[in-house]
Amino acid sequence: MTGPARGPVEGYVDLGDDHIHYFDEGTGAPVLLIHGAFGSGARILQTEFGRSLVRNRRVIAPDSLAHGCSGAPPDPRHYGPRRRAAHLAGVLDCLGIARAHVVGYSMGGWMASALATFYPDRIASLAIGGWDVVEGMYTPAAVWGLPEITYPILSAMIRRDRPELLAGLHPDREAGLAAAIDGMNDLAGLADGVAACPAPVALWVGQEDLYHEASRRFAEARGFSFISLPGDHMATLETHGAEASRRVGLFIDQTAVSPNPTHRANRG
C-alpha cells in the first residue's frame, strides 16, 4: 500500500571520480528508472511513461554520467559497462535500497543489462525496453547500412530530428557525452548476464521500433516476458507512455508477489 504522494527529491553520490545526480520521487516499491541516450532523469520522469510509473511507486531516476546534472569526465574509461553498473549500484547504496525493480530504456536498457551482469543481486525484477540485448546499436546500424553507430552519427540524427535533446549542451561536456554514447557498443558478456539474471525479466518495445523483433526472439528463446507496445522508439515512451507504464507496472506487480524467483509473467 502506498503512502501520500512524495515530490521529487534530488541528490548526488560521489563514486570515485564520478559525480552522479539522481531524482527520488513517489512512494511504494522502489523502481530504478534508467533513461536513454541524450536524456536525463528529469526528462524521463516528465514523459507520459514516467509520470504514470511514479503514481504508485517510488521511482529513483539517476542522470547517467555525461547526462543531466551528473559529471562528464572526458576519459572513455569512465563509460564502460562495469563502471556504469557501479554508478547504478552506488545510487541504490546511497539510498539504502538493497534491491529495486530495474526499468531501463534504450541506453538505459544497456545499463540495466550491465547491472544484471555485474550486480544481479540488486535486481528485484528487470524490464529492458527499446534495446537489443544481444546486438545493441548494431541492429539499427545494419538496417541503415552502417558498420556501427557512434556519437557523430547519432548526434547528427538527434540534431536533425530532436534538437531539443542537445539544446544547452556545454562544449566542455561533449567529449564525455561522446564517450558515453560510444561506450554502448561494448556488449561483451551482457546478453549472458541478462540470460542468467536470477530475477524475473521482461523485454518491452514498440512494434515500430527497430529493436522489436530482436527483443521478441531473445525473450522467447529464454522464456522471458515480452511486452509488445504501440509506437516507434520515441513514441512508446512519449505518446503511448501510459499504456507502456501500465504493462511494465503489471509485470513489476506480478513479480513482486510471485514466490518463484524465476517466474515469468505478462506475456502479451
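The values are calculated or read from the model by the stated rules, or taken from the named source; none is laboratory data. As the structure is a computational prediction, the values presented were derived from the model and not from experiment. Backbone-built Cβ (ideal geometry, glycine too); neighbour counts: all protein chains shown. In case anyone asks, the SASA skips ligands and DNA or RNA and just uses the protein heavy atoms, side chains included. Shrake-Rupley method; radii C 1.70, N 1.55, O 1.52, S 1.80 Å.
A few notes on this one:
- Counting only helices (runs of 4 or more DSSP H) wholly contained in the range 201-268, the ones carrying 3 or more residues that are farther than 22 Å from ARG58 by Cβ and modelled with pLDDT of 95 or more occupy 212-222.
- Scope the range 96-116; condition open to solvent by 40 Å² or more (accessible area, probe 1.4 Å) and either closer than 29 Å to THR150 by Cβ or not small (Gly, Ala, Ser) (or both); matching residues: ARG99
- Residue within the range 168-177 that is open to solvent by 40 Å² or more (accessible area, probe 1.4 Å), in a loop (DSSP other than H, G, I, E, B) and of a type outside the set (A, V, I, L, M) present: yes
- Count of the range 147-167 residues which are without any contact (Cβ under 8 Å) to a residue 60 or more places away in the chain, under 23 Å from THR236 (Cβ atoms) and part of a loop (DSSP other than H, G, I, E, B): 2
- Residue in the range 84-94 that is farther than 19 Å from LEU177 by Cβ, in contact with a Phe, Trp or Tyr (Cβ under 8 Å, 6 or more places away or on another chain), modelled with pLDDT under 95 and open to solvent by 10 Å² or more (accessible area, probe 1.4 Å) present: no
- Residue within the range 182-202 that is under 13 Å from ALA37 (Cα atoms) and surrounded by 21 or more Cβ atoms within 10 Å (Cβ to Cβ) present: yes
- Scanning the range 167-194 for residues that are hydrophobic (A, V, I, L, M, F, W, C) and within 17 Å of the chain's Cα centre (by Cα) yields LEU177, ALA180, ILE181, MET184, LEU187, LEU190, ALA191, VAL194.
- Residues satisfying the criterion are absent from the range 132-144 (criterion: assigned to a helix (DSSP H, G or I) and acidic (Asp, Glu)).
- Condition check for ARG160: surrounded by 14 or more Cβ atoms within 10 Å (Cβ to Cβ) and of a type in the set (Lys, Arg): no
- Among the residues of the range 68-96, those identified as outside any loop (DSSP other than H, G, I, E, B), of a type in the set (D, E, K, R) and more than 19 Å from GLY11 (Cβ to Cβ) are ARG77, ARG82, ARG83.
- Number of the exception - LEU32 against (1) open to solvent by 30 Å² or more (accessible area, probe 1.4 Å); (2) among the aliphatic types (A, V, I, L, M); (3) touching a Pro at 6+ places or on another chain (Cβ under 8 Å): (1)
- For ASP182: the one exception among (1) at pLDDT 95 or above; (2) touching a His at 6+ places or on another chain (Cβ under 7 Å): (2)
- Every residue from the range 48-71 that is crowded, with 22+ Cβ neighbours inside 10 Å and in contact (Cβ under 8 Å) with a residue 60 or more places away in the chain: PHE49, GLY50, LEU53, ARG57, SER64, LEU65, ALA66, HIS67
- Residue in the range 213-221 that is under 22 Å from VAL31 (Cβ atoms), open to solvent by less than 10 Å² (accessible area, probe 1.4 Å), of a type in the set (Gly, Ala, Ser) and in contact with a Leu (Cβ under 8 Å, 6 or more places away or on another chain) present: yes
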